[in-house]
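Q: There's a structure below that I have some questions on.
Readers should treat all values here as calculations from the given coordinates under stated rules, not as data from a laboratory. This is a predicted model, so every value here is computed, not measured. For neighbour counting, all protein chains shown are included, and Cβ atoms are generated from backbone atoms with ideal geometry for every residue, glycine included.
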Amino acid sequence: MEFKNKVVLITGAASGIGKAAALAFAKEGAKMVVSDRDIPAGEATVANIIEQGGEAVFFSADVAVFVEVEQLIQQILELHGRLDIAINNAGIAGLSARTSDYPIADFEKVMQINTAGVFYGMKAQLPQMVKQGKGVIINTASIAGLKGLPNSIAYTASKHAVVGMTKTVAMEYGKQNIRVNALCPVFTVTPLFNPEQIEAVAPGIPDKLKANVPMKRFAEVQEQVDAMLWLASDKASFVTGVAFPVDGGLSA
Ligand SMILES: NC(=O)c1ccc[n+]([C@@H]2O[C@H](COP(=O)([O-])OP(=O)(O)OC[C@H]3O[C@@H](n4cnc5c(N)ncnc54)[C@H](O)[C@@H]3O)[C@@H](O)[C@H]2O)c1
């Protein structure tokens with residue numbers, strides 16, 4: 001078991017990639033801390049982990065509110081006394097509109113959750129990892145953190161910022177044995193990216209998106225989770241400051 005007794009926090013673990021990752025880390029022996037702002041769905045993730053014989057607790061937190069993030073880390077330390085791996089994964093897509101039509105309030109909301117949320121997470125997690133003399137952070141960015149994505153000014157800004165923060169923190173904390181990497185998924189079928197819903201409002205778009213990917217398909221959630229498991233493991237012990245694309249070659 002790769003993560004036996006490791007305390008692992010995943011935000012946005014009530015759904016999609018975060019939920020699948022929580023189940024996978026728990027299967028590898030982690031003491032999971034599932035966090036999300038969606039309380040019933042977060043508690044359901046914990047129930048699923050316990051059903052499969054794993055260990056997990058749920059603590060609700062809105063990553064866009066720093067006091068809630070601080071409180072989350074405090075709760076983890078009261079329960080477990082340590083935090084080995086933190087995956088700052090909560091995020092939203094925001095609406096789709098050309099830049100001149102993009103509402104200011106929507107831009108600010110996406111930046112607050114996707115960018116400030118990751119900053120708040122790392123700010124609260126790092127002091128404990130420094131004390132431990134070891135830690136791993138993975139921030140979920142996106143292929144939109146490496147490339148432009150038309151009609152998504154807020155999302156691309158927010159995810160480019162996640163990549164930049166990841167590199168900066170990796171440089172600041174490398175000497176303290178803390179590794180920080182960003183996962184950059186391409187289109188992965190989850191409630192956040194639902195090709196059937198997109199097809200219903202914009203026929204033909206999912207096929208066009210797929211056609212742009214050299215491997216001519218969308219990602220499976222498990223493919224993103226497998227990359228998280230590797231980045232978090234000691235097999236990646238000298239990997240830090242990387243924006244790691246799991247994208248079928250789209251960023252090539
Ligand atoms: N699915 C994709 O195609 C794709 C591609 C690239 C990157 N990503 C990124 O992967 C991450 C996970 O996305 P997903 O596809 O699993 O989406 P999802 O919608 O299935 O899950 C996201 C989770 O984050 C939670 N969340 C949202 N805002 C929050 C907040 N303020 N505080 C706490 N929790 C909050 C939601 O409640 C939800 O449970 C996101 O950061 C997303 O940007 C997804």
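Q: Can you give me the relative contact order of the stretch 83-225 as a percent, contacts being Cα pairs under 8 Å and 6 or more apart?
A: Values: 198 pairs, mean separation 35.3, N = 143.
It comes to 25 percent, rounded to a whole number.
Q: If you wrap a convex hull around the Cα atoms of the stretch 109-176, how much volume per residue is inside, in Å³? Write out the running numbers ahead of the final one.
A: On the way: hull volume 4.4 nm³, N = 68.
Residue-normalised Cα hull volume stands at 65 Å³.
Q: Cut-off is 10 Å between beta-carbons; in what order do Tyr120, Tyr102 appear when sorted fewest neighbours first? The partial results should precede the final answer.
A: On the way: Tyr120 24, Tyr102 18.
In increasing order of surrounding Cβ atoms, one gets Tyr102, Tyr120.
Q: Right, something else. Report the gain in length on full extension from Glu55 to Glu28: 0.36 nm times residue separation, minus Cα-Cα distance, nm rounded to one decimal. All intermediate terms of the calculation are to be shown ahead of the outcome.
A: Numbers: separation 27, 0.36 × 27 = 9.72 nm, distance 1.04 nm.
Length gained between Glu55 and Glu28: 8.7 nm.
Q: By how many degrees, between 0 and 90 and to the nearest 10, does the Cα long axis of helix 39-51 differ from the longest principal axis of the chain?
A: Once rounded, one gets 60 degrees.
Q: While we're here: Considering the alpha-carbon set of the chain alone, what are its Rg and its Dmax in angstrom?
A: Cα only, the chain: 17.4, 53 Å (Rg, Dmax).
Q: Then there's this: I need the semi-axes of the equivalent ellipsoid of the stretch 20-60: take the C-alpha gyration tensor, multiply each eigenvalue by 5, square-root it, list largest first in whole angstrom. Before the final figure, lay out each step's value.
A: Details: eigenvalues 51, 17, 12 Å².
Three semi-axes, in Å: 16, 9, 8.
Q: Among 238-246, 45-53, what's the highest-first ranking by average C-beta atoms within 10 angstrom per residue?
A: Values: 238-246: 17.8, 45-53: 15.8.
Order by mean packing, descending: 238-246, 45-53.
Q: Right, here's the next one. Given the -39500 (n - 2.57) contribution per DSSP H run of 4+ residues, what per-residue ellipticity at 222 nm results for the chain, rounded to the nearest 500 deg cm²/dmol? If you can, show how the numbers build up before the last one.
A: Numbers: 9 runs with 111 residues, N = 252.
-14000 deg cm²/dmol, from helical runs alone.
Q: Same structure, new question: Rounding to the nearest 10 and keeping the result within 0 to 90°, find how far the Cα-based axis of helix 16-27 lies from the longest principal axis of the chain.
A: With rounding to tens, the tilt is 30 degrees.
Q: Give the long-range amide H neighbours of Leu183: residues separated by 5 or more places, or on another chain, with amide H under 5 Å away, using H modelled in the peptide plane at 1.01 Å from N.
A: Long-range HN contacts for Leu183: Asn139, Thr140, Ala141, Phe244.
Q: Taking θ = phi - 60°, what integer Hz values does the Karplus form 6.51 cos²θ - 1.76 cosθ + 1.60 yield along the stretch 54-60, in sequence order, with x for Gly and Pro?
A: The phi angles translate into x, 10, 7, 10, 10, 10, 7 Hz.
Q: Another question about this same structure. What is the angle, in °, between the Cα long axis of helix 153-173 and the longest principal axis of the Cα atoms in the chain? Nearest 10 is fine, range 0 to 90.
A: Its long axis makes an angle of about 30 degrees.
Q: Still on this structure, I have one more. Counting only trypsin sites (Lys or Arg not before Pro) that sit in a DSSP loop (anything but H, G, I, E, B) with at most 11 other Cβ atoms within 10 Å, what is the longest stretch of the chain containing none of them? Intermediate results must be reported in sequence, preceding the final value.
A: Values: sites that count: Lys4, Arg98, Lys216, Arg217.
Excluding the exposed sites themselves, the longest stretch runs over 99-215.
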